[in-house]
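J.: Next up is a structure, given as structure tokens.
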Amino acid sequence: MKRKLILDVDTGSDDACAIMLAALHNDLDLVAVCSVSGNVPLENTTENTLRVLQHIGKTNIPVYKGCSGPMIRDVSSSYRVAADTRAKVVVDGKEIGIHQDYLPLEESKFSYQATPASVFYVDYLTKCQQKVDIVAVGPLTNLAVALLIEPRIVDNINEIVIMGGGHGISNETRCAEFNIFYDPEAAQRVLKCGAKITMVPLDATHKAYVNYEDARRLRELNTNAAKFAADMIEHRIEFHKLRQPLEDVNSCALHDPLAVAYLIDPTVLKDVQLLNVEVSLGGLTDGQTVVDRRYFQDNRNVHFAFDGDRKKFVDIMCDAFK
């Protein structure tokens, strides 16, 4: 039986690859895609999501427009770092961003659903007959609001897979990864909800990197999905070289589809440990995922991945996009 999943995105270049992987892989049944503000504002993430689905011929998958900002904090404060450090760089007077405001795809000819994303979560998860996986690759606001409205929806969630956080690596501040930093209160709410949670942090995504050779392999498949994924990889490599070089300087982290790949083959994540993970909610460490690796710890709530299998990851994408 196919795994049913709901994908929650702030599309975004790597989100685009996650959407295509979730929509096209034969082992998955993508029930819906929910947009949220994050990498770019909500109007952009929603339109970008629609563009990606249209590009791969999957306009039958409904899109639900979600929250336009964090649960508690003012949206402008959440962009206080992203707007001028992490996500953009200036080279020879030209501004280069890892995420474009709008993806370079044809403008969408279909629209999102009238029901807000958090309300969709509550409606769907209170009625569904088969438990659902939720893959959240942006800020966790939509899901946290839904859990505030109706905590019992957790009973129909099989697993929540979160792309976010980091133990030894950060990208938004010296301590925090962007998705968690953007809405840390939402992240803490989700981590405490009682569902099975697997976290795909920067520690894993930076190990499961992709490079120019992987982009070439995808491009040779000559499908809309594969060629667009190759474009996104090549764009991200150029940005990583400037802003956060990886161990292979001609590579990039393609964070979000790794979380989807885990549903297809859990062994794509390595060194996964059940640990206590909480979110710091203020001060210098605001938005940090605080990972307790002590042997005698209590309240283990998250399966936290410290590594990833890059070859297996690329194989999964090629299998779906061919």
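J.: Can you confirm whether Thr126 is assigned to a loop (DSSP other than H, G, I, E, B) and either of a type outside the set (A, V, I, L, M) or at pLDDT 95 or above (or both)?
T.: no
J.: Provide a single number: the residues in the stretch 39-64 that are in contact with a Cys (Cβ under 8 Å, 6 or more places away or on another chain) and buried (at least 21 other Cβ atoms within 10 Å of the Cβ).
T.: Number of matching residues: 2.
J.: If you go through the stretch 150-167 one residue at a time, how many are under 20 Å from Gly283 (Cβ atoms) and either of a type in the set (D, E, K, R) or open to solvent by 10 Å² or more (accessible area, probe 1.4 Å) (or both)?
T.: 1
J.: Which count do you get for residues in the stretch 228-247 that are surrounded by 15 or more Cβ atoms within 10 Å (Cβ to Cβ) and not in a helix (DSSP H, G or I)?
T.: Summing the residues that are surrounded by 15 or more Cβ atoms within 10 Å (Cβ to Cβ) and not in a helix (DSSP H, G or I) in the stretch 228-247 gives 2.
J.: Still on this structure, please answer the following. Kindly indicate whether any position in the stretch 268-289 is open to solvent by less than 10 Å² (accessible area, probe 1.4 Å), touching a residue at least 24 places away in the same chain (Cβ under 8 Å), among the hydroxyl-bearing types (Ser, Thr, Tyr) and more than 17 Å from Val190 (Cβ to Cβ).
T.: No, the conditions are met nowhere in the stretch 268-289.
J.: Could you pull out the residue among Asp271, Asp298 that is at pLDDT 95 or above and more than 16 Å from the chain's Cα centre (by Cα)?
T.: Step by step, each of Asp271, Asp298 is checked, and only Asp271 is at pLDDT 95 or above and more than 16 Å from the chain's Cα centre (by Cα).
J.: Looking only at the stretch 23-38, decide whether some residue is touching a residue at least 40 places away in the same chain (Cβ under 8 Å), part of a helix (DSSP H, G or I) and open to solvent by less than 10 Å² (accessible area, probe 1.4 Å).
T.: No, the stretch 23-38 has no match at all.
J.: Right, something else. Can you work out which of the residues in the stretch 205-227 that are of a type in the set (S, T, N, Q) and assigned to a helix (DSSP H, G or I) is least open to solvent (accessible area, probe 1.4 Å)?
T.: Out of the qualifying residues, it is Thr205.
J.: Out of the residues in the stretch 119-149 that are surrounded by fewer than 23 Cβ atoms within 10 Å (Cβ to Cβ) and either in contact with a Ser or Thr (Cβ under 8 Å, 6 or more places away or on another chain) or of a type in the set (Val, Ile, Thr) (or both), state the one that is nearest to Ile180 (Cα to Cα).
T.: Ranking the qualifying residues of the stretch 119-149, first place goes to Val145.
The values are calculated or read from the model by the stated rules, or taken from the named source; none is laboratory data. This is a predicted model, so every value here is computed, not measured. Counting neighbours? That spans all protein chains shown, and the Cβs are built from the backbone with ideal geometry, glycine included. Please note that ligands, DNA and RNA were not included when accessible areas were found on the heavy atoms of the full protein model with its side chains. Shrake-Rupley method; radii C 1.70, N 1.55, O 1.52, S 1.80 Å.
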